[in-house]
Amino acid sequence: MKPQPRIYLDHLASGYLPVIQKGLEWTNLRSKLKWGDPVFVKPNLTYPTFRRGVMTNPECVEAVVVALRDYTNQIIVGEADSGGYNPFSIDEVFVKTGIKELEKKYGIQVCNLSHLPYRCIEFAYKGRQLKVPLPVLLLDETAFLLTIPVPKIHMNTQVSMAIKNQWGCIPEPTMRLGLHPFFEKVVYEVNKHVRTDFAVVDGKYGLNRSGPMRGDPVELNWLMVADNIYAADVAGCQLMQIDPSSVYYLRYLATREKVLPAIHDIEFSQDWRAFVKEKFHLHREWTDYPGLWAFRSPLLAYLGYYSPLANLLHRILYLFREPFYDYAVGKKGEQQKAVPAESFTEDKSTLEMEERPEHRREAFLLRKP
């Protein structure tokens, strides 16, 4: 019989650190993490610069690092390059948000997952054999992953919280685009293989109406610590006043993978209803639908991201939709192209992401205690 999921909830009146410390103690982190065990901390860094509700507050990341130092001396904070079809370097985000400074300040490591050796996990879904690249660091060299998401609306998945945050563990943004039509199964397999055991949900701000980059920031002023990411998403949906069964990937996880608990099966530190504020909702503009259709369809994902027409289709879209951020990237300010179409097999029955040398640029070795 699986243990009952536990969630610690509290307001942030006294700041991040005391709440996180109490939450990790209440959820009994010490039973899963012993001194010297490497733990990977995964924030949500979705935008080139910090935005409220869009990404994890750097203050929260620092507080998690400080709290974890009572449990282990091997702490790694990391994320992969972000931005999808228009990727940007997460190394620059580390610098701009101050996260890079935590290395010297606390003796931890900060790494870009896009620069590390990776290995593909394989599984079948919807009649296809899928290969998903994941960093060897996460597969073999860490005890488990602690995720730090924010509660927000997402134009393609409806919500984004503890489960979806590990989508960013897939090393290259352009690799993720071809996997979108299989999101519900892929994100489950990713979390299973990287052992995402704990969540610290940064609820200081949420994002309403749209997301993951646009929307209305909402001050919530709560923090959640959960020893089960699936329970965290169920509780997060309730706090956002969204029925978890209305979210397609949560419905899949409940019915097919049998990992989603009911709200009454979760043990809370206090009544979660006291933390409910604004009702969250999704409103899509017409310019959001091409991305949604490509998210759900392998054929449209190929057409929109990998085919010879991809750049033209994006240029047309950008005539009507304001860019999320400055898409000029690279030394010459040219738009980066997605992983070539040959990453798909010819008959499209199998999606294969090749282990390309340029995606294995540096090794990552844990420092000895």
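Results, tabulated for the structure shown:
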quantity: Every residue from the stretch 179-201 that is assigned to a strand (DSSP E or B) and either at pLDDT 95 or above or under 16 Å from residue 44 (Cβ atoms) (or both); calculated: 196, 198, 199, 200, 201
quantity: Residue check, residue 220 within 16 Å of the chain's Cα centre (by Cα) and either surrounded by 15 or more Cβ atoms within 10 Å (Cβ to Cβ) or of a type in the set (Lys, Arg) (or both); calculated: no
quantity: Selection from the stretch 66-102 of residues that are among the acidic types (Asp, Glu), part of a helix (DSSP H, G or I) and either on the phi > 0 side of the Ramachandran plot or touching a helix residue (DSSP H, G or I) at 6+ places or on another chain (Cβ under 9 Å) (or both); calculated: 91, 101
quantity: Residues of the stretch 258-286 satisfying the condition of being not β-branched (Val, Ile, Thr) and not in a loop (DSSP other than H, G, I, E, B); calculated: 264, 265, 267, 268, 272, 273, 274, 275, 282, 286
quantity: Test: residue in the stretch 15-28 that is more than 21 Å from the chain's Cα centre (by Cα), of a type in the set (A, V, I, L, M, F, W, C) and modelled with pLDDT under 95; calculated: no
quantity: Residue identified as closer than 28 Å to residue 131 by Cα and crowded, with 22+ Cβ neighbours inside 10 Å among 188, 230, 252; calculated: 230
quantity: Odd one out for residue 63, checked against (1) surrounded by 21 or more Cβ atoms within 10 Å (Cβ to Cβ); (2) assigned to a helix (DSSP H, G or I); (3) touching a Ser or Thr at 6+ places or on another chain (Cβ under 7 Å); calculated: (3)
quantity: Residue in the stretch 202-223 that is modelled with pLDDT of 95 or more, touching a helix residue (DSSP H, G or I) at 6+ places or on another chain (Cβ under 6 Å) and of a type in the set (S, T, N, Q) present; calculated: no
quantity: Filter result for residue 168 (touching a Ser or Thr at 6+ places or on another chain (Cβ under 7 Å), farther than 23 Å from residue 25 by Cα and in a helix (DSSP H, G or I)); calculated: yes
quantity: Residue ID - nearest to residue 223 (Cα to Cα), chosen from residues in the stretch 1-24 that are charged (D, E, K, R) and not in a helix (DSSP H, G or I); calculated: 10
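The values are calculated or read from the model by the stated rules, or taken from the named source; none is laboratory data. Note that the structure is a prediction, hence the values are computed from the model and not measured. All Cβ positions, glycine included, derive from the backbone under ideal geometry; neighbour counts span all protein chains shown.
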